[in-house]
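To keep things clear, I will list the structure first and then write my remarks on it.
The values are calculated or read from the model by the stated rules, or taken from the named source; none is laboratory data. Not measured: the values here are computed from a predicted model. Reconstructed Cβ throughout: ideal geometry from the backbone, glycine too, with neighbour counts over all protein chains shown. Note: accessible area is taken over every heavy atom of the protein model, side chains too, but ligands, DNA and RNA are not part of it. Shrake-Rupley method; radii C 1.70, N 1.55, O 1.52, S 1.80 Å.
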Amino acid sequence: PEKAPPASISAAAMGASGNGGLEAVLGSEPFLAKDGKASVELAALAKDAPLLALYFSAHWCGPCRQFTPKLAAFVEVLHEDGIDLPIIFGSSDKDQASFDDYFASMPWYAFPHGDKRIEALKSKYSATGIPWLVVLDAKGNLIMNEADMDVPQGPQAYQKWLQAAKKMRPAAPAGAPAA
């Protein structure tokens, strides 16, 4: 099926105000830590990272199982370059056991299995298939939809996303201190 083109979502459209944009998009409920057991809050997960990604995938999906190791290698290469790209896995698995087995192969965070935010976000970003990677900036603005297509470019993909995020920042008014 044809996938929707990337769309920019304004803070007003997201119901965001001030610095709570990412929380307005992802909610205030905790996520699963990388160990699959502990909970982690969004602020701790995102830290000072300029970008964050949502990864929609499932254990039963062959293309997903092929892409997941590539995404993990991409994140590792970024990490070796001193770049942290927090990723949150949104599972389309039908049961907890499949989710647990698949998530154990991933070096990132996750929405709890069956979390209502997953389907809402897939709808928000027109994720019509899986695997599907969405990149957001630290304020929750959409930077790249269907970013999984960029991952084979390696670190250049991250730099492309970072440049797109910088272009979205409004210029400071004349005389205003730089942020």
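Scan segment 96-105 for residues that are surrounded by fewer than 20 Cβ atoms within 10 Å (Cβ to Cβ) and in contact with a strand residue (DSSP E or B) (Cβ under 9 Å, 6 or more places away or on another chain) and report the count.
Of the residues in that region, 1 qualify.
May I ask you to list the residues in segment 61-95 that are surrounded by fewer than 14 Cβ atoms within 10 Å (Cβ to Cβ), without any contact (Cβ under 8 Å) to a residue 60 or more places away in the chain and of a type outside the set (D, E, K, R)?
The answer is GLY62, GLN66, PRO69, ALA73, HIS79, GLY82.
Just to be sure before I move on: is LYS139 basic (Lys, Arg) and within 30 Å of ARG169 (Cα to Cα) in the structure I sent?
yes
What are the residue pairs meeting all of these: first residue in segment 13-41, first residue at pLDDT 90 or above, second residue loosely packed, with under 15 Cβ neighbours inside 10 Å, Cβ atoms under 6 Å, and 6 or more apart or on different chains?
ALA24/GLY15; PRO30/SER39; PRO30/GLU41
Across segment 129-153, which residue is nearest to TYR55 (Cα to Cα) among those that are touching a strand residue (DSSP E or B) at 6+ places or on another chain (Cβ under 6 Å) and acidic (Asp, Glu)?
Within segment 129-153, the match that is nearest to TYR55 (Cα to Cα) is ASP148.
Can you tell which of ALA73, ALA165, ALA120 is modelled with pLDDT of 95 or more, farther than 18 Å from LEU42 by Cα and part of a helix (DSSP H, G or I)?
The match here is ALA73.
Going by the conditions given, is ALA120 open to solvent by 20 Å² or more (accessible area, probe 1.4 Å) and not acidic (Asp, Glu)?
Answer is yes for this residue.
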